[in-house]
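Worksheet: the structure to be examined is printed underneath.
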Amino acid sequence: MTLNTKTIFDTLAEGSAIDWNRLLTEILVAFDCSTGSIHTLDKDSQLLHVKAYQGIPELLLPKMTIIPIGKGMAGVAAERKRPVQICNLQTDESGVARPSAKETKVEGSIAVPLMLNGRLHGTLGIAKPVPYEFTAEEEETLMEIGDWSLD
């Protein structure tokens, strides 16, 4: 798979405040995903707060608006400061994803930390409606998006 990420990096290079919803839409299109979210870290509370989301069922919104570090895929990616992925969320028994995550009806999913200068600033999570394992190239590109979006 050759990623077309030009529009993502063009959006980030505009120099104005980030439009998190637009950025998420560009990422979902580039990675052929149906669902995603971006959370930023509140430095005082050390909790992840949602900035943008797409394709999340309404009943899950209260559970994903604020996420503690270490809870769910986003929280674990934040805690480990590295990508966390599940090939099929519907059949996963690793315990990384919260049980309610199955309500999304997605399968292949990944959460990456948004890092800048070695410090955690948030997380990005995307998912496909089919089983899927994200490649090393895709993981690396998602991590680069974090660098750009925070610079």
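For the range 107-151, the tally of residues that are assigned to a loop (DSSP other than H, G, I, E, B), under 25 Å from Glu58 (Cβ atoms), open to solvent by less than 30 Å² (accessible area, probe 1.4 Å) and modelled with pLDDT of 90 or more stands at 1. Counting the residues of the range 17-57 that are open to solvent by 80 Å² or more (accessible area, probe 1.4 Å) and at pLDDT below 85 gives 1. Report the residue count in the range 61-73 for those that are surrounded by fewer than 16 Cβ atoms within 10 Å (Cβ to Cβ) and of a type in the set (A, V, I, L, M, F, W, C). Going through the range 61-73 one residue at a time, the tally reaches 2. Restricting attention to the range 86-106, does a residue exist that is part of a strand (DSSP E or B) and modelled with pLDDT of 70 or more? Yes, that holds for at least one residue.
The values are calculated or read from the model by the stated rules, or taken from the named source; none is laboratory data. Computed from a prediction, not measured in an experiment: that's the story for all the values here. Note that each Cβ is placed from the backbone with ideal geometry, even for glycine, and that neighbours are counted across all protein chains shown. These area figures cover heavy atoms from the full protein model, side chains too; ligands, DNA and RNA do not enter into them. Shrake-Rupley method; radii C 1.70, N 1.55, O 1.52, S 1.80 Å.
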